[in-house]
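Read the structure below first, then the notes.
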Amino acid sequence: MTSSKMWGGRFSAGPAAVMEAINVSIEFDQRLAKQDVRGSRAHCAMLVAQGIITEADGLAIQEGLARIEKDIATSAFHFKRSLEDVHMNIESRLADLIGAPAGRLHTARSRNDQVATDFRMWVRAAIETLDEELAKVQRALIDKAEKHAGSIMPGFTHLQAAQPVTFGHHLMAYVEMFGRDRSRFNDARTRLNECPLGAGAIAGTSFPIDRHMTAEKLSFDQPMHNSMDAVSDRDFALEFLSAAAILSVHMSRLAEEMVIWSSAQFGFIKFTDAFSTGSSMMPQKRNPDAAELVRGKTGRIFGYLFGLLTVMKGLPLTYSKDMQEDKEATFAAFDTLELCLAATVGLIDDMKPDTEKMRASASAGFTTATDFADWLVQKLNIPFREAHHITGAAVKLADGKGVDLGELSLADMQSVEPRITQDVFSVLTVEASAASRKSFGGTAPDNVRAQAAAARKRFLKEQPQ
Ligand code: ARG
């Protein structure tokens, strides 16, 4: 084997097989090919504009790169393992295509600023894609929430029935969570949008380059201010993975609720055959595998984040080859998120709530006890603490009789607090309870409808009909 064409000047023999095996990145970094060509075209235009290379050489390079761009887009580009990474594959192909001028492209550039630039552009595009996919999840949730703005279900704390809420309200909680995910990714996008190109290997360059020009051509807001930071920073990938980890927590919590809700014991929702799997042994089973896998894949995403945090934590400035490990984690996180987001949309669309069962469950467990206490405060001017105590006694009485609060007789009620009147029964149904929660952000069906309409505007930029 001969030494590398690109950096082999001082090496006499080619890499040992194991060296190539550990060093090679083309299997994964070919995903940066489009960005690499774009970066090179911007760099080349700048070199010409600054008189660093001739117009003729610049033209030849641009033509060669255009051809490569096309081959990449049509998957006709042949990546070679022996050429180590995407940058050297493309430069080598350029040399095959145009000969000598290809050697001028790398003037005032290093693979260190090159890869940092490519990778930033890739993560930026990934964030834009995820934003669209997250909007689809939000849309699916809002659609369902609008249909079920008035469907009563038990709201839980400690997974114990707490107060009646509506299914729509519950789903809208996730719309907020995914909205924060979008905002987190967009924050990361804002911070990442500075261009490392022109930092060179570490210290900048003696050539009269124009970093503002390349930054602008590549749609960055500005060039990065410090050349050493530019080549050694991977915060953008860490932020991407952090936002990915939090997003996967949200998808996992929703998936977990779907698993619980679809169990026979809860029976709140059903999935159609499209989203259910059978058991090889137990004929009665309908398993929510897709939801379980969305929940399960969270483990990988955390792993990718921790993997890269660990890679980065001990690295002295500036570039070290360890940093080549940044890409697989980031690519894999993106792929996993895309899959889970699509599955989440499918699951949301597919689930059929059993509103009767939800309502019945919401009535069990004295879920309107707070309404009882609030009535005592509002109608009898009893301090809340005392009202809480009286309610506790009423719950105890009902529990002993095996009935719900609303099923106690007025005489029973008055045995607990003599001033209670018939009017109290009007607040003890789950519908009345939910409908009374009109405070901003509360679960009253009218609120939920208004929240859903507002969410369409806030998150989906839809105008109200
Ligand atoms: N494949 C390398 C990476 O992904 C490109 C940068 C190589 N730089 C270097 N100094 N060897 O990090």
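Quick notes
- Low-density loop positions, chymotrypsin sites (Phe, Trp or Tyr not before Pro), region 97-172 - DSSP coil, at most 12 other Cβ in 10 Å: none
- Amide N of region 154-183 lying under 18 Å from the label point, which is placed 7 angstrom from the Cα of SER263 along Cα→Cβ: 154-162
- Inter-site label distance for SER82 and ARG104 at 7 Å from Cα along Cβ, in nm: 2.9
- For region 214-275 versus region 415-465, the gap between their alpha-carbon centres in whole angstrom: 32
- For the residue pairs LYS34/LYS313; LYS34/LYS147; LYS147/LYS297; LYS270/LYS396; LYS136/LYS438, the C-alpha atoms sit more than 32 angstrom apart in LYS34/LYS147; LYS270/LYS396.
- One decimal place: the segment SER415-ALA450 gains 8.5 nm when fully extended, by the rule 0.36 nm per residue minus the C-alpha distance.
- When region 11-118 is described by a simple charge dipole with +1 on each Lys and Arg Cβ and -1 on each Asp and Glu Cβ, the residue from ASN112, ALA60, VAL86 located farthest towards its positive end is ALA60.
- Positive-end residue of THR310, ASN23, SER262, charge dipole of the chain with Cβ unit charges: ASN23
- Here the residues ILE22, ILE72, ILE301, ranked from fewest to most Cβ neighbours within 10 Å of their Cβ, fall in the order ILE22, ILE72, ILE301.
- Computed magnitude of the charge dipole of region 175-285 (debye, nearest 20; Cβ of K, R +1, Cβ of D, E -1): 340
- 222 nm mean residue ellipticity, helices alone, for the chain (DSSP H n ≥ 4; -39,500 (n - 2.57); rounded to 500): -19500 deg cm²/dmol
- Estimated from the Cβ-Cβ distance and a Förster radius of 51 angstrom, the FRET efficiency linking ALA17 and LEU317 is about 0.95.
- Here THR190 and ASP423 are evaluated by their C-beta separation; at R0 = 60 Å the FRET efficiency comes out at 0.60.
- Sorted by Cβ density within 10 Å, fewest first, the residues THR318, THR129: THR129, THR318
Only the coordinates and a few stated rules stand behind these numbers; no lab work does. Treat the numbers as computed from the prediction; the structure is a model and nothing was measured. For neighbour counting, all protein chains shown are included, and Cβ atoms are generated from backbone atoms with ideal geometry for every residue, glycine included.
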